[in-house]
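Student: Starting off with a structure, shown below.
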Amino acid sequence: MPDEHAWWQRGVVYQVYPRSFQDSNGDGVGDLPGILSRLDHLAALGVDAVWISPIYPSPMADFGYDVSDYTGIDPVFGSLDDFDRLVVAAHSRGLRVILDYVPNHSSDQHPWFVESRSSRTNQKRDWYVWRDPAPDGGPPNNWLSEFGGGAWTFDSATGQYWYHAYLPEQPDLNWRNPEVRAAMLDALRFWLDRGVDGFRVDAIHHLIEDAAFRDNPPNPDWKPGMSPARRVVRARTMDLPEVHDAVAAMRRVADGYPGDRVLIGEAYLPIDRLMAYYGADLSGFQLPFNFHLLSTPWRAREIGALVERYEAALPPGAWPNWVLGNHDRSRVASRLGPAQARVAAMLLLTLRGTPTIYQGEEIGMQDVPIPPERVQDPWERNVPGLGLGRDPVRTPMQWDAGPNAGFTRAKAEPWLPLAPDHAAVNVSAQSADPRSMLSLYRALLALRRTEPALSVGSYVPVEGVAEDVLAYERRDDATGRRLLVALNLGGQERELPRAASGRGRVLLSTCLDGGAARLRPDEGVVIGEPAAGVSSPA
């Protein structure tokens, strides 16, 4: 029977933060030729797609998320020719290419905004969100910026304020204007025509604001130490119903191209509201990012309940996905510790749905303390002292024990500091260690690739296990094959679930030593009879 699943359902996505992946020209910043030079690592790892964070021309006020040209490449990353070569090289290795798409806002240096700001009568004035001052001359309402401070900046030349959900240098586009929508959809077509296999769509829930510009209500749950932006409930500036029409328009563009092009939406929302981003009759994103593992307490009961709640909420036919780390959140090994990071890897790669791996997680990289004089992130600069800065998770990839961890040949320091453990925690060292984190990721991805039960099978929770053990079955409904996954999220030895009896042997243990008769502290196992003709990757 032919497989009816799309590549993005079977596959695993790997996120590259290009500034920090590989520098090819010695300027201390990663680039496209650098990514191309490391594609063999991704192919050997066993992932299916590489998602590249923004590489467009940008003044870099927010390191590429302030776009000044949606159809170009910033010279710091290379050229369009470099990009085309990267796509060809990736495809030749069986890797898909996913680009970041930033539809909510542009740079204030984008020609569109320069025109819009030039006068109230300019034809592009309505391409952005402008508003007269309040009667007292202040901002039009109480909307706040995600990066601290108010969300309105006054333009003295034209006497109005422009709205920016993020930095003043990132003015929000007005997606209520059909010309804006058409221009932004044309940008999608530009990259799809160049062979891009999909897009991760940034900050989609901010795309449209309240047409009446009403105040956001105060947040009764806000406390000192929380982000200042959370002083209000973002009811008028986030997750408005009109967003879904824009998402559907993006989907129609992607569906006009062959090859199962995929759209992945970034929206940090409760599960019930997230489901709407699949769209009516699944006409929205194929994969609205599910970030709930990032905030759920690392306890078996809570995680099990999360999985069941998420699975139950999915619309008919919708495909799940899971995220444990990205360029905005603390690294897994820092949140959970190195031992549980191995268990987390098994969880991520054995749950039902499409997983996303953030660069460096496959070697257990941790957050890197950033000295005040080296801070780059505008969020940390605007709101210091609250731990909101994202630099610690964006430090250079650690390739080997040589100078600058193999990231750059620059004599000067890379754009962010290297981790102090890079001489030991790196791809080269772990490739030679059969029990390393990298070896575990490779084994998990190999098992997932050979076992349809893990890539596209159903999920069935297993009850009656110890309080700190999470257990579930993955079932290949086409063949009836069943695998048991048991994860010990605690520091004590535990009995294997009774469901393991008669199931076969341990196909893979996070300890990479064949497994034991009991679950050891901080151990996860996949149990089942080896598939015909396939040996265990462990």
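Student: Only one of these is of a type in the set (D, E, K, R), surrounded by 14 or more Cβ atoms within 10 Å (Cβ to Cβ) and touching a His at 6+ places or on another chain (Cβ under 7 Å): Asp126, Asp100, Asp172. Name it.
Tutor: Asp172
Student: Within segment 173-204, can you find the residues that are more than 26 Å from Val88 (Cβ to Cβ) and either among the acidic types (Asp, Glu) or at pLDDT below 95 (or both)?
Tutor: The answer is Glu179, and nothing else.
Student: Inspect segment 150-161 for any residue being buried (at least 17 other Cβ atoms within 10 Å of the Cβ), of a type in the set (A, V, I, L, M, F, W, C), out of contact with any Gly (no Cβ under 9 Å at 6 or more places or on another chain) and assigned by TED's automatic domain parsing to the domain that holds Asp40 and give the result as yes or no.
Tutor: no
Student: May I pose another question? Only residues in segment 514-527 that are assigned by TED's automatic domain parsing to the domain that holds Gly502 count as the first member; pair them with residues that are acidic (Asp, Glu) and not in a loop (DSSP other than H, G, I, E, B), Cβ under 8 angstrom, at least 6 apart or cross-chain, and list the lot.
Tutor: Taking only residues 6 or more apart or on different chains, the pairs are Arg518/Glu495; Leu519/Glu495.
Student: Looking at Arg335, Arg352, Arg381, which is the one that is within 19 Å of the chain's Cα centre (by Cα), part of a helix (DSSP H, G or I) and basic (Lys, Arg)?
Tutor: Arg335
Student: Another question, then. Can you tell me which residues in segment 130-178 are closer than 27 Å to Leu386 by Cβ and free of Cβ contacts under 8 Å to residues at least 40 places away in the same chain?
Tutor: Passing the criteria: Gly138, Pro139, Gly150, Trp152, Thr153, Phe154, Tyr161.
Student: If only one of Val469, Val393, Val462 is crowded, with 20+ Cβ neighbours inside 10 Å, modelled with pLDDT of 95 or more and not assigned by TED's automatic domain parsing to the domain that holds Arg299, which one is it? Steps first, please.
Tutor: Values: Val393 fails: not assigned by TED's automatic domain parsing to the domain that holds Arg299; Val462 fails: crowded, with 20+ Cβ neighbours inside 10 Å.
That would be Val469, the only listed residue that is crowded, with 20+ Cβ neighbours inside 10 Å, modelled with pLDDT of 95 or more and not assigned by TED's automatic domain parsing to the domain that holds Arg299.
Student: Name the residues in segment 267-304 that are closer than 14 Å to Leu347 by Cα, among the aliphatic types (A, V, I, L, M) and over 16 Å from the mean Cα position of the chain (by Cα), would you?
Tutor: Those that are closer than 14 Å to Leu347 by Cα, among the aliphatic types (A, V, I, L, M) and over 16 Å from the mean Cα position of the chain (by Cα): Ala300, Ile303.
Student: Among the residues of segment 276-292, how many are assigned to a helix (DSSP H, G or I) and surrounded by 18 or more Cβ atoms within 10 Å (Cβ to Cβ)?
Tutor: Final tally of qualifying residues: 4.
Student: If I filter segment 293-320 down to residues being part of a helix (DSSP H, G or I) and of a type in the set (D, E, K, R), which single residue comes out as nearest to Gly279 (Cα to Cα)?
Tutor: If we take residues in segment 293-320 being part of a helix (DSSP H, G or I) and of a type in the set (D, E, K, R), then Glu311 is nearest to Gly279 (Cα to Cα).
Student: Scan Val50, Val76, Val13 and give me the residue that is among the hydrophobic types (A, V, I, L, M, F, W, C), in contact with a Lys or Arg (Cβ under 9 Å, 6 or more places away or on another chain), touching a residue at least 24 places away in the same chain (Cβ under 8 Å) and farther than 27 Å from Gln286 by Cβ.
Tutor: Sole residue among the options that is among the hydrophobic types (A, V, I, L, M, F, W, C), in contact with a Lys or Arg (Cβ under 9 Å, 6 or more places away or on another chain), touching a residue at least 24 places away in the same chain (Cβ under 8 Å) and farther than 27 Å from Gln286 by Cβ: Val76.
Student: A follow-up question, please. I'd like to know if segment 46-53 contains one or more residues that are closer than 24 Å to Gly265 by Cβ and either outside the structural domain of Leu95 (by TED's automatic domain parsing) or of a type in the set (Ser, Thr, Tyr) (or both).
Tutor: Scanning segment 46-53 turns up at least one residue that is closer than 24 Å to Gly265 by Cβ and either outside the structural domain of Leu95 (by TED's automatic domain parsing) or of a type in the set (Ser, Thr, Tyr) (or both).
Student: Looking only at segment 311-342, how many residues end up being touching a residue at least 12 places away in the same chain (Cβ under 8 Å) and either touching a strand residue (DSSP E or B) at 6+ places or on another chain (Cβ under 9 Å) or among the aliphatic types (A, V, I, L, M) (or both)?
Tutor: 21
Student: Mind checking whether some residue in segment 60-67 is farther than 28 Å from Leu173 by Cβ and without any contact (Cβ under 8 Å) to a residue 40 or more places away in the chain?
Tutor: No, every residue in segment 60-67 fails to be farther than 28 Å from Leu173 by Cβ and without any contact (Cβ under 8 Å) to a residue 40 or more places away in the chain.
Student: Looking at (1) assigned to a helix (DSSP H, G or I); (2) under 16 Å from Gly150 (Cα atoms); (3) in contact with a helix residue (DSSP H, G or I) (Cβ under 6 Å, 6 or more places away or on another chain), find the lone condition where Ala229 falls short.
Tutor: Looking at each condition in turn, Ala229 falls short on (3).
Student: Filter segment 186-214 down to residues that are surrounded by 17 or more Cβ atoms within 10 Å (Cβ to Cβ) and in a helix (DSSP H, G or I), then give me how many there are.
Tutor: Selection size over segment 186-214: 7.
Student: Another question, then. Within segment 282-319, track down each residue that is under 17 Å from Val201 (Cα atoms) and in contact with an Asp or Glu (Cβ under 8 Å, 6 or more places away or on another chain).
Tutor: Phe289
The values are calculated or read from the model by the stated rules, or taken from the named source; none is laboratory data. The structure displayed is predicted, hence computed values, not measured ones. Using ideal geometry, Cβ is built from the backbone for each residue, glycine included, and neighbour counts are taken over all protein chains shown.
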